Amino acid sequence: MPRIHVTDRAGNRHELDVDSGLTLMEPLREIDNGIEALCGGMCSCATCHVFITPEWYAKLPDRHGDELELLESTECFRDGESRLACQVQVTDSIEGLELTVAPEE
Ligand code: FES
């Protein structure tokens, strides 16, 4: 059960212990000022947009085409940081990952 470090939309910090086998979407929609995840993980809403710190971004599996297309349609897209939380699998290898919830659009 890796622990991740999250800054929510209000700037508050959270330490979250997350279950392997889920995606980042599940824990991030449970916190105050987290993500909405309106499509429930179907990669079609972008309301689960997060910024992964560049060091951690480089360690994650690559974005697939649909994810990148949706992210590039957002106003605050950041190449090298933006991910959809619903498309990032939680594994033990993300112990210590740091992210910030992207602004609401
Ligand atoms: S929850 Fe909708 S794109 Fe991730």
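The values are calculated or read from the model by the stated rules, or taken from the named source; none is laboratory data. Quantities reported herein were computed from a predicted structural model and do not represent experimental measurements. All Cβ positions, glycine included, derive from the backbone under ideal geometry; neighbour counts span all protein chains shown.
Scan segment 13-31 and give yes if some residue there is away from the ligand (no atom under 16 Å from the Cβ), surrounded by 14 or more Cβ atoms within 10 Å (Cβ to Cβ) and either more than 22 Å from Glu95 (Cβ to Cβ) or modelled with pLDDT under 95 (or both), otherwise no.
no
Need the failing condition index for Glu75 against (1) touching a strand residue (DSSP E or B) at 6+ places or on another chain (Cβ under 6 Å); (2) within 14 Å of Pro103 (Cα to Cα), just the number.
(1)
Could you say whether any residue in segment 83-90 is more than 16 Å from the ligand (Cβ to nearest atom) and surrounded by fewer than 20 Cβ atoms within 10 Å (Cβ to Cβ)? Please lay out each step first, then the result.
First pass over segment 83-90, keeping only residues more than 16 Å from the ligand (Cβ to nearest atom): none.
The answer is no; no qualifying residue exists.
From the list Phe51, Phe77, pick out the single residue that is at pLDDT 95 or above, closer than 22 Å to Arg3 by Cβ and more than 12 Å from the ligand (Cβ to nearest atom).
Phe51
Condition (residue is under 11 Å from Thr100 (Cα atoms) and in a strand (DSSP E or B)) applied to segment 23-34: is it met by at least one residue?
Among the residues of segment 23-34, not one is under 11 Å from Thr100 (Cα atoms) and in a strand (DSSP E or B), which makes the answer no.
Give the residues of segment 32-48 that are more than 9 Å from the ligand (Cβ to nearest atom) and crowded, with 16+ Cβ neighbours inside 10 Å, sorted by residue number.
Filtering segment 32-48 down to residues more than 9 Å from the ligand (Cβ to nearest atom) leaves 32-34.
Hit for segment 32-48 is Gly34, nothing else.
When segment 54-74 is examined, which residues are found to be within 17 Å of Ser93 (Cα to Cα) and either among the acidic types (Asp, Glu) or within 9 Å of the ligand (Cβ to nearest atom) (or both)?
Glu55, Asp62
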